[in-house]
Amino acid sequence: MIEQEHHLISNHCYTQRAKMALKALIFFAFFSLTAIVALADTESTESDSGLILNFYKDSCPQAEDIIKEQVMLLYKRHKNTAFSWLRNIFHDCGVESCDASLLLDSTRRTLSEKETDRSFGLRNFRYLETIKEAVERECPGVVSCADILVLSGRDGIVSLGGPHIPLKTGRRDGRKSRADILEQYLPDHNESMSVVLERFKNIGIDTPGVVALLGSHSVGRTHCVKLVHRLYPEVDPVLDPGHVEHMLHKCPDSIPDPKAVQYVRNDRGTPMKLDNNYYRNILDNKGLLIVDHQLANDKRTKPYVKKMAKNQDYFFKHFGRAITTLTENNPLTGTKGEIRKQCNVANKHH
């Protein structure tokens with residue numbers, strides 16, 4: 001009897017241990033599955049566009065430092081390079097894909113993006129080649145021209161006193177550049193505000209983002225070719241009279257020579273600084289371009305102009321978000337595109 005009871009107790013203990021082991025196994029399996037799903041969610045969040053932060057950390061750890069160093073060196077020698085790098089982001093990423101198609105030269109068959117009237121004033125592409133050469137010396141055939149264009153723009157923004165914007169990398173370069181598609185994507189400075197808002201909305205940039213992006217007009221200068229229709233044959237009556245005097249002094253000819261050095265600073269107060277002074281200027285009718293005037297007066301954008309005029313942090317917050325969205329516009333990643341050896345020509349494939 002005692003032995004039978006001992007046997008029953010042993011069986012009961014064994015059953016209990018088996019149940020506990022099974023529960024532990026089920027819990028471990030569930031926990032592991034949950035962890036895998038969570039990890040997958042994290043990875044998909046990081047790479048929805050196929051881009052990730054610090055993409056080159058293993059393949060070329062020094063890439064971003066080299067680009068930053070080159071941007072600083074070039075900025076010290078040629079201050080206006082920073083304006084060019086910032087403008088490059090808009091002109092490249094706003095057209096179909098952020099794929100460095102802007103940097104390609106025309107071919108015998110096709111006129112490239114950078115050689116059209118819409119790209120008038122874009123310059124300093126040779127300095128992007130300088131950066132590319134420095135990166136190639138460290139890591140040949142690894143870093144794309146598209147990422148160099150974006151990162152030089154990011155570091156150029158900092159050179160101008162703007163915010164540091166953490167931008168993802170992993171873009172690859174496109175092989176074609178077509179001038180005939182620009183009109184579909186890039187709004188002109190004479191377009192209605194409805195067209196401007198719609199074009200950016202198609203990329204995913206909302207109204208405060210558009211207002212912030214146009215804050216790029218806080219720096220740089222505008223060629224008289226783009227301004228004379230507001231001065232001749234009659235002065236646009238909405239312009240501040242004092243500012244008109246300055247504009248006429250800088251643009252004395254009703255038909256200026258596009259190759260002449262005839263420019264007006266976008267912001268006379270802080271011309272070399274990316275700041276919210278631009279918004280105060282356009283509220284005072286000192287904007288150079290039609291789009292500047294519309295931005296300050298359209299009921300959809302004026303409230304944000306006023307907010308950014310009062311609060312630079314508010315401007316920088318929306319500026320950073322808009323630049324991030326713009327640089328993640330339909331990039332080529334994975335096996336799409338290529339890594340160009342030179343930024344102005346596609347690789348030769350035999």
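The values are calculated or read from the model by the stated rules, or taken from the named source; none is laboratory data. Bear in mind the structure is a predicted one, so any value in this text is a computation, not a measurement. Cβ placement follows ideal geometry from the backbone for every residue including glycine, while neighbour counts extend to all protein chains displayed. These area figures cover heavy atoms from the full protein model, side chains too; ligands, DNA and RNA do not enter into them. Shrake-Rupley method; radii C 1.70, N 1.55, O 1.52, S 1.80 Å.
Note on the stretch 124-178 and the stretch 54-108: Cα centroid distance 3 Å, given to the nearest whole angstrom. If only the Cβ of Lys and Arg carry +1 and only the Cβ of Asp and Glu carry -1, the dipole of the stretch 247-334 around its Cα centre is close to 380 debye. As a fraction of the 1.4 Å probe accessible area of the stretch 265-331, surface on carbon and sulfur atoms comes out at 44 percent. Mind running the shape call on the stretch 49-186? Use the C-alpha gyration tensor, a ≥ b ≥ c as the square roots of the eigenvalues: rounded below 1.5 for a/c, prolate if a/b tops b/c, oblate otherwise. Prolate, since a/c reaches 1.5 and a/b exceeds b/c. Distance distribution P(r), the stretch 222-350, all Cα-Cα pairs, bin width 5 angstrom from 0: 2, 9, 14, 16, 14, 11, 10, 10, 7, 4, 2, 0, 0 percent.
Per residue, the solvent-accessible area of the stretch 52-110 (1.4 Å probe, heavy atoms of protein chains only, all protein chains present) comes to 51 Å².
Under 24 Å of direct C-alpha separation, and excluding same-chain neighbours fewer than eight residues apart, LYS341 reaches these lysines: LYS57, LYS68, LYS114, LYS132, LYS168, LYS176.
When nucleic acids and ligands are ignored and a 1.4 Å probe is applied, PHE90 ends up with an accessible area of around 60 Å². Each Lys or Arg adds one and each Asp or Glu subtracts one; over the other residues with Cβ under 13 Å from the Cβ of LYS132, this totals -2. Working ranking of peptides 194-202, 224-232, 240-248, 152-160 by packing, defined as the average number of other Cβ atoms within 10 Å per residue, highest first, is 152-160, 224-232, 194-202, 240-248.
A 1.4 Å probe run over the protein chains yields, for the stretch 198-350, 51 Å² of accessible area per residue, whole-number rounding.
Kindly identify the stretch 128-194 as rounded, prolate or oblate by the Cα gyration tensor criterion: order the square roots of the eigenvalues as a ≥ b ≥ c, call it rounded if a/c is under 1.5, otherwise compare a/b with b/c, prolate if a/b is larger, else oblate. Cα axes put the stretch 128-194 in the oblate bin.
Can you bin the stretch 213-255 into rounded, prolate or oblate? Criterion: square roots of the alpha carbon gyration tensor eigenvalues sorted a ≥ b ≥ c, rounded for a/c under 1.5, prolate for a/b above b/c, oblate for the rest. Prolate, since a/c reaches 1.5 and a/b exceeds b/c. In order along the stretch 147-152, phi translates into HN-Hα couplings of 5, 5, 4, 5, 5, 5 Hz, rounded to whole numbers, per the Karplus curve 6.51 cos²θ - 1.76 cosθ + 1.60 with θ = phi - 60° and x for Gly and Pro. The packing ranking, built from the mean of other Cβ atoms within 10 Å per residue, places the peptides 257-264, 307-314 in the order 307-314, 257-264, highest first.
Solvent-accessible area of the stretch 56-110 (1.4 angstrom probe, protein heavy atoms only): carbon and sulfur portion equals 46 percent.
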